[in-house]
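The values are calculated or read from the model by the stated rules, or taken from the named source; none is laboratory data. A quick note: this is a predicted structure, and the numbers were derived from the prediction, not measured. Cβ placement follows ideal geometry from the backbone for every residue including glycine, while neighbour counts extend to all protein chains displayed. Note: areas computed on protein heavy atoms with side chains; ligands, DNA, RNA excluded. Shrake-Rupley method; radii C 1.70, N 1.55, O 1.52, S 1.80 Å.
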Amino acid sequence: MTYDLTNRTAVVTGAASGIGAEIALLLARSGARVALLSRRADRLEDLADKINAAGGQALAVAADVTQDLTDAVAAVHDAFGRVDVVVNNAGVMLANPITNGRADEWARMIDTNIGGVLNVTSAFTEDLIEAAKTGPADLVNISSVGAHLTFPNFAVYTATKAAVTHLSANLRTELGPKDVRITNVEPGFTESELAGHIDNPEVQRDLDTWFDGVGRLTSAEVADVVAYATSRPQHVNLRQIMVLPTRQA
């Protein structure tokens, strides 16, 4: 399924794989120009080539969302002009018992899942405000059902996602009156590379057991939610969307 995003310009972070890649593909098939942001330049180039070969418009921009984005923003503007869709998808999920004291994991999740969202949002806020004066403008934050639920060994990850959800709600108070739509998407169990970052075999086995019990969404199914939300009429804001496998719901 595709939607009408003709003449829209989107930035998708974490676009090298999983949910981010599928969001970029669907937005491009729906008519948007798409800037792909991730640290993995080779994967971005492959995805951009795939989109462009299919008749879409894509730009690969190698960037770390936790670092200065001045050059990345300039590259996007030079290629596509002003941005009117920003999808904060880049994230990392690391899991260990809190008693393991993995400060390295905590810092990485906080820097990427919270700091990265703030960094990208700040970089493109003025674009969104200007775009909203003449048409729809969307900021989409990919959070997690973990923002509301508890999972053993995932305390810090879920805390970062709770921060994203609360940030989204507060950003609406600032940007909503300027006609910028804020959509917070909270997927449940989803096929992606996130689980592959876990280095604790016992925690990984527990996660696999949960997946086997309730199943998983595909990344494309989460992407469909994002494309649908951003294609609504300008005055319609789907502010909070939780999308789960039926057995997890």
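Got a number for residues in the stretch 194-248 being small (Gly, Ala, Ser), assigned to a helix (DSSP H, G or I) and at pLDDT below 95? Here the count works out to 3. Filtering the stretch 158-217 to residues that are closer than 13 Å to Met93 by Cα, aromatic (Phe, Trp, Tyr) and open to solvent by 40 Å² or more (accessible area, probe 1.4 Å) leaves nothing.
The number of residues in the stretch 205-226 that are touching a residue at least 40 places away in the same chain (Cβ under 8 Å) and acidic (Asp, Glu) comes to 2.
Tallying residues that are of a type in the set (A, V, I, L, M), in contact (Cβ under 8 Å) with a residue 60 or more places away in the chain and closer than 25 Å to His197 by Cα within the stretch 227-248 yields 2. It is to be established whether one or more residues within the stretch 142-164 are under 21 Å from Val86 (Cα atoms) and in a strand (DSSP E or B). Yes, because at least one residue in the stretch 142-164 is under 21 Å from Val86 (Cα atoms) and in a strand (DSSP E or B). Here the strands (runs of 3 or more DSSP E) wholly within the stretch 13-111 that include at least 2 residues being open to solvent by less than 30 Å² (accessible area, probe 1.4 Å), free of Cβ contacts under 8 Å to residues at least 40 places away in the same chain and over 21 Å from Arg232 (Cα atoms) are 57-62.
Out of Leu139, Leu128, report the one residue that is crowded, with 22+ Cβ neighbours inside 10 Å, touching a residue at least 24 places away in the same chain (Cβ under 8 Å) and over 16 Å from the mean Cα position of the chain (by Cα).
On the way: Leu139 fails: over 16 Å from the mean Cα position of the chain (by Cα).
Criteria check complete, one pass: Leu128.
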